[in-house]
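The values are calculated or read from the model by the stated rules, or taken from the named source; none is laboratory data. Every value quoted in this text rests on a predicted model; they were computed, and no experiment measured them. Backbone-built Cβ (ideal geometry, glycine too); neighbour counts: all protein chains shown.
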């Protein structure tokens, strides 16, 4: 069986069953694990499925969410480039809000050059990253801890956010679609993100190309509710053109 034919059959199999393990696919298609893993990576790069630990899931499973550790290693160079650009949009003396996410975690690492900054976050990893730096005052939002994302969310988090206002919100997201807007797999986390948007003077979305055109379970906001977006250059040109017609400032970066 040729490679392209096998990948098509693998995709059909996963879409039919919702998910499949690497071991299961090696038995069905009678090829090595390394071949299956390579095929799954190529299918994921083409945005046809989502790899998970030990296998893959159909994109039809809109509530799927990889762990923080899994997301951290995906497109890491793109996330670093996005974070570097985001840091250029921050000014000394500002109060900023960093949403929980792997790209916002990269942004936290870019903040060491600042000597007068207040950072509010619901991400326990970001709070640990910033703790040693004397020029950065850190406020951690309380709430229910989601183990998948290491984010503090829920009514307690929203109540805390009600008490503050921020100059800039750097927002993380799972799905970024022109029609469906901003989406995330968890309803409770979506509500916390909506509250973040309401308290920010400027909303800046950080999204690598894997998020573009993707729709997950819980709606966060329309794209018109963001002011700026930082994307990597792998995003489709037509998407960029359509996005610019909305009046959103678009920044494109290269890894």
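Below, the figures for the structure above:
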quantity	calculated
Tally of residues being outside any strand (DSSP E or B) and farther than 22 Å from residue 158 by Cβ across the range 109-129	10
Test: residue 24 is more than 25 Å from residue 234 (Cβ to Cβ), surrounded by 13 or more Cβ atoms within 10 Å (Cβ to Cβ), without any contact (Cβ under 8 Å) to a residue 40 or more places away in the chain and not assigned by TED's automatic domain parsing to the domain that holds residue 211	yes
Candidate set: the range 218-247, residues that are surrounded by fewer than 20 Cβ atoms within 10 Å (Cβ to Cβ) and touching a helix residue (DSSP H, G or I) at 6+ places or on another chain (Cβ under 7 Å); chosen: the one farthest from residue 156 (Cα to Cα)	234
Qualifying residue in the range 163-174 (condition: over 21 Å from the mean Cα position of the chain (by Cα), over 19 Å from residue 86 (Cβ atoms) and touching a residue at least 60 places away in the same chain (Cβ under 8 Å))	yes
Test set (1) without any contact (Cβ under 8 Å) to a residue 40 or more places away in the chain; (2) in contact with a helix residue (DSSP H, G or I) (Cβ under 9 Å, 6 or more places away or on another chain) - residue 156 fails condition number	(2)
Selection count where residues are closer than 17 Å to residue 141 by Cα and either surrounded by fewer than 15 Cβ atoms within 10 Å (Cβ to Cβ) or within 13 Å of the chain's Cα centre (by Cα) (or both), scope the range 175-189	1
The lone exception for residue 210 - which of (1) closer than 21 Å to residue 190 by Cβ; (2) touching a strand residue (DSSP E or B) at 6+ places or on another chain (Cβ under 8 Å) it fails	(2)
All positions within the range 129-144 that are surrounded by 14 or more Cβ atoms within 10 Å (Cβ to Cβ) and over 15 Å from residue 97 (Cα atoms)	133, 143, 144
Strands (runs of 3 or more DSSP E) enclosed by the range 1-96 - at least 2 residues per element that are out of contact with any helix residue (DSSP H, G or I) (no Cβ under 7 Å at 6 or more places or on another chain), at pLDDT below 95 and under 30 Å from residue 145 (Cβ atoms)	19-21
